[in-house]
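The values are calculated or read from the model by the stated rules, or taken from the named source; none is laboratory data. Given the structure is predicted, the values throughout are model-derived calculations rather than measurements. Note that we place each Cβ from the backbone using ideal geometry, even for glycine, and neighbour counts take in every protein chain shown. Areas reflect the complete protein model, heavy atoms only, side chains present, ligands, DNA and RNA absent. Shrake-Rupley method; radii C 1.70, N 1.55, O 1.52, S 1.80 Å.
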Amino acid sequence: MSALFFYGTLCHIPLLEAVLGVGSNALTNRLKTAVLPDHHVSWVKDQPYPMIEKAPGRTAQGVLLAAVTEDEEERLRYYEGAFSYHLSEVSILVDAASETALCFYPMSNDQVRGADWVLADWVRGWGEMAVGAARDVMARRARYDAETAANLRPFLMARHWSRMMARKAAGPTTRRNTAKAGDVMVHDRGVGYNGFFELAEFRFDHLRFDGTRSPRVTREAFLAFDAALVLPYDPATDHILLIEQLRFGPLWREDPQPWVFEPIAGLVDAGEDPADTARREAMEESGLQLGALEPMVQVYASPGYSTEFFHCFLGIVDLSSFAASRNGLASEYEDIRSHVMSFDTAMALVQSGEINAGPLIMMLYWLAAERDRLRASA
């Protein structure tokens, strides 16, 4: 058995517990506060994680985990292994006494230093997402290698960010039922499918409208992401911009016309404001620098079985000189064509069925209701 010293995010004990697959407080008797002399920990510039570097005269605060088993070391290697870290032997101080331990140390020094690392600041902003994503990563250990799992981690973080946003911005309950603790009880969860998306199988019961409880039933839910959607609109010319791309839903429904008109859209990154996502995606998918953004609606795409949630915006922009273009990120294999058309033309395509994506139709009808106001202020 070995002892491991941690100086960064794994000093957050709930995260360490998630990586090792143990329960709360299971590591208490094996942890000690420790320091690594002549080192300093900083934020990586513009990233939600730290870096360590040699710094004579300074100390890196951390924790020491004793009696690390081979399985625990393997789990830690899997979690950290895809990030250019390797286990190195270091001399640490525990209660002013020198000890030898292993530490995940960077193999390169190409990271850009930011401000001094403060664990409590990271926990407030990123801790919950990181703990949830760590459980998700470790659940994929039998399916994916460490590098593949690491590439999935930003998306897994985003899924937990979606849950945080849902709790903070739940819609009002002036007419619908107001949920109370215990109204819905999830009793167990099956294996399901864990990939980029998840398919969760679970058993639950709930309080019925007549005051009785439902029987326990087994259901499945598709675990997707929050997305920001934006419809670029030029009120001066009354034109909109749509994008067109191949979509897999129509393809697997065996629709002979799987290319679809849609608004600009993209997944909301972990910690990102959906409005910022809308602006970023507008640039990536059409090269547009949006002006003012107007919130439209926030909706579940298909609440019967999916967690997918849409933050919809209208983006004010000058389209008078926009030229049709092909855009998209090569890294995501996107092949996107932009179209500028009048509002009336778009509505005619809705009526003919050529526009058949529900979110776009919803956003066009929102625009129809607000169009006079927007045009009057142009």
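The table that follows gives values for the structure above.
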quantity	calculated
Every pair of residues 6+ apart whose Cβ atoms lie under 7 Å, when the first sits in the stretch 40-57 and is touching a residue at least 40 places away in the same chain (Cβ under 8 Å) while the second is assigned to a loop (DSSP other than H, G, I, E, B) and open to solvent by 70 Å² or more (accessible area, probe 1.4 Å)	VAL44/VAL112; LYS45/VAL112; GLU53/ASN109
Unmet requirement for ILE361, which otherwise passes all of (1) part of a helix (DSSP H, G or I); (2) under 30 Å from ALA200 (Cα atoms); (3) in contact (Cβ under 8 Å) with a residue 40 or more places away in the chain	(3)
Matching residues in the stretch 178-201 - criterion: being assigned to a loop (DSSP other than H, G, I, E, B) and open to solvent by 100 Å² or more (accessible area, probe 1.4 Å)	LYS180, ALA181, VAL191
Residue match in the stretch 222-238 (condition: over 30 Å from ARG373 (Cα atoms) and of a type in the set (S, T, N, Q))	no
Those residues of the stretch 271-311 which are within 17 Å of the chain's Cα centre (by Cα) and open to solvent by less than 20 Å² (accessible area, probe 1.4 Å), in sequence order	PRO274, THR277, ALA278, GLU281, SER306, HIS311
Qualifying positions in the stretch 240-250 - surrounded by 14 or more Cβ atoms within 10 Å (Cβ to Cβ) and not β-branched (Val, Ile, Thr)	LEU241, LEU242, GLU244, GLN245, ARG247, PRO250
Top-ranked residue in the stretch 343-357 [being free of Cβ contacts under 8 Å to residues at least 24 places away in the same chain and farther than 21 Å from THR237 by Cα; ranked as least open to solvent (accessible area, probe 1.4 Å)]	GLY353
Hey, PHE155 part of a helix (DSSP H, G or I) and either open to solvent by less than 60 Å² (accessible area, probe 1.4 Å) or in contact (Cβ under 8 Å) with a residue 24 or more places away in the chain (or both) or not	yes
Qualifying positions in the stretch 188-220 - farther than 25 Å from SER162 by Cα, without any contact (Cβ under 8 Å) to a residue 12 or more places away in the chain and not small (Gly, Ala, Ser)	ARG208, ASP210, THR212, ARG213, PRO215
The one condition in (1) under 26 Å from ASP46 (Cβ atoms); (2) of a type in the set (A, V, I, L, M, F, W, C); (3) at pLDDT 90 or above; (4) not in a strand (DSSP E or B) that ALA166 fails to fulfil	(1)
Members of the stretch 158-193 found to be within 26 Å of VAL123 (Cα to Cα) and in contact with an Asp or Glu (Cβ under 8 Å, 6 or more places away or on another chain), listed by number	ALA158, ARG159, HIS160, TRP161, SER162, MET164, MET165
Residues of the stretch 120-143 that turn out to be among the small types (Gly, Ala, Ser), more than 14 Å from the chain's Cα centre (by Cα) and in a helix (DSSP H, G or I), as a count	2
LYS32 vs. criteria among the basic types (Lys, Arg), farther than 13 Å from TYR105 by Cα and in contact with a Gly (Cβ under 7 Å, 6 or more places away or on another chain)	no
Number of positions in the stretch 1-45 that are in a strand (DSSP E or B) and within 30 Å of the chain's Cα centre (by Cα)	8
Which numbered condition ALA270 misses (of (1) of a type in the set (A, V, I, L, M, F, W, C); (2) part of a loop (DSSP other than H, G, I, E, B); (3) modelled with pLDDT of 95 or more; (4) more than 30 Å from HIS187 (Cα to Cα))	(4)
Residue in the stretch 46-62 that is nearest to TRP117 (Cα to Cα), counting only those that are open to solvent by less than 20 Å² (accessible area, probe 1.4 Å) and under 33 Å from the mean Cα position of the chain (by Cα)	PRO50
